[in-house]
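Quick notes on the structure that follows.
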Amino acid sequence: MHDLNAGDVTTLSNGAGPRRPRTRYHYSYAIFSTSGFTRDAQEFALAHQISLIDLSLPDFNPLCKLVKDAAEAVYDVTKSMPPSQWPAVYRIRNYVRRHLLDMDEGPVPSSAAVTRPLDTLVADLQRLPLGLVLAFPAAPFVLGLVSDDLEHFFRYARAHPTHAVRVRRSQRSAGHPLWFLEPREGRAYTLSFSLPEYVEDWILDQEEGIRSRTRRTARDLLSAITVYWVGGGHTHTFRLHYDPDELREASGRARTPFSDVDLLY
C-alpha cells in the first residue's frame with residue numbers, strides 16, 4: 001500500500017491559522033569511485049541504500065582523465081593564491097553544473113585562472129562519446145551501464161521498449177567483476193557494468209529468498225532492469241528482462257529448484 005500524499009507534509013502554524021502543505025523530497029545518493037569499493041563500504045552502502053558506481057572499468061578511463069587533468073590544473077592555480085582566495089569546492093561544482101547542465105546553482109569561482117580549466121573540462125565532456133546509462137534494477141540502488149554504442153542501444157530500445165537480454169560475467173584480475181547485457185536476439189548492443197561482490201551477493205540472496213516464497217514476484221520484479229531516457233521532449237522507459245537462473249549461473253551459483261519453464265521469458 002502506497003500513500004499518494006507521501007510527497008507532501010503540512011507546516012505547523014504559529015497560531016490559529018491553517019496549516020500549509022509543502023513538498024517533501026526523498027533523496028537517493030550515489031557514490032562514484034575510480035578504485036572500487038571495500039567490503040565495509042559495500043555493506044555500509046547497502047544498509048543505507050546508497051548506490052555504488054564503479055568507474056574503474058577501462059571504458060571510463062577517458063572520463064576519469066578529463067576530471068583528473070582539470071582538478072590538477074585548478075590545484076596548480078590555487079598554489080599561487082592566498083588561502084583566503086581559494087575557491088570552495090561547492091563553487092567549482094556550481095560552475096561546472098551551470099555550464100554543463102544549464103543549472104544555476106549559486107555562487108561560482110570568480111578567478112579566470114580557476115574557471116579556464118573548468119571551461120575546458122565542460123567542452124571536453126560535451127564532446128566525449130561516453131555511453132553511460134543509469135539503470136534501475138528492483139533493488140535500492142542504481143547501476144552505471146556503459147554502452148559500446150549508445151546510439152545503437154537507444155535505437156534498438158526505442159524499437160523494442162521491452163525485450164529480453166542475456167547475462168554474462170567476467171572476472172577481472174584486479175577490481176570488481178564485469179557484467180554484460182546483450183539482446184537475446186542479435187547483437188545490436190552490449191551494456192557492461194561492474195558490480196561490487198557484496199552487492200552481487202545481496203542481489204542473488206534477495207532473488208533466491210523471494211523466489212522461494214513466490215514465483216510471480218521473482219518473475220515480475222527481480223528479473224527486470226529499467227532504463228529511463230529523455231529525448232525529443234519525452235521520457236522513454238525501457239525494460240530489460242533477464243532470466244534469473246542465467247544470472248545465478250553466470251555468478252557461479254547453482255540453480256534453484258524453482259527453475260521451471262514457466263519462470264522463463
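General observations
- With 5 Å bins from 0: P(r) over the range 46-191, alpha-carbon pairs, percent: 2, 8, 13, 16, 15, 14, 12, 9, 6, 3, 1, 0, 0
- Taking a ≥ b ≥ c as the square roots of the eigenvalues of the Cα gyration tensor, the range 25-67 is oblate, since a/c reaches 1.5 or more and a/b is not larger than b/c.
- Qualifying GluC sites (Glu not before Pro) for the range 61-170 [loop in DSSP, other Cβ within 10 Å: at most 10]: none
- Rounded if a/c under 1.5, otherwise prolate or oblate - the range 91-142, Cα gyration tensor axes: oblate
All of the numbers you see were taken from the coordinates with simple rules; none came from a lab. Computed from a predicted model, the values in this text were never measured in an experiment. Glycine gets a Cβ as well: all are built from the backbone with ideal geometry, and neighbour counts include every protein chain shown.
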